[in-house]
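Here's the structure, in structure tokens; my notes come after.
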Amino acid sequence: MTEFSKDKSWLFEVVCRELAGIKDAGAASFYEKMIGHSNFIIQIYGVRGIKENGLLAFRPKLEELLKTKPAAALKSTIEDALK
């Protein structure tokens, strides 16, 4: 998907926002890609999706992401998901 490789894409952002609210653990691979994206807004949506679906397997990745000293909004979203 070309939109994924873009740093800023309103279309991709809208899709990610929708995915973040979906209760479906089958979307885990999308959440993994989202938290690895360069745009912290996309990362936030990925973390929200992980939290929404209770995907505990992502805990180590979220803890690692937290160590990178992310933007304040992403940091608080990660901390909330790790509770």
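The values are calculated or read from the model by the stated rules, or taken from the named source; none is laboratory data. Keep in mind it's a predicted model, so treat the numbers as computed, not measured. Using ideal geometry, Cβ is built from the backbone for each residue, glycine included, and neighbour counts are taken over all protein chains shown.
For ALA81, the conditions (1) modelled with pLDDT under 95; (2) touching a helix residue (DSSP H, G or I) at 6+ places or on another chain (Cβ under 7 Å) all hold with the exception of (1).
So that you can scan it fast, the table gives a plain yes or no per residue for (1) of a type in the set (A, V, I, L, M); (2) farther than 22 Å from LYS8 by Cβ:
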position	(1), (2)
ASP24	no, yes
ALA28	yes, yes
LYS33	no, no
HIS37	no, no
ARG48	no, no
GLU63	no, yes
PRO70	no, no
LEU74	yes, no
ASP80	no, yes
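Of the residues making up the stretch 57-83, just one is among the hydroxyl-bearing types (Ser, Thr, Tyr) and not in a helix (DSSP H, G or I), namely THR68. Yes or no: GLY54 out of contact with any strand residue (DSSP E or B) (no Cβ under 6 Å at 6 or more places or on another chain), of a type in the set (Gly, Ala, Ser) and either in a helix (DSSP H, G or I) or surrounded by 19 or more Cβ atoms within 10 Å (Cβ to Cβ) (or both)? Answer is no for this residue.
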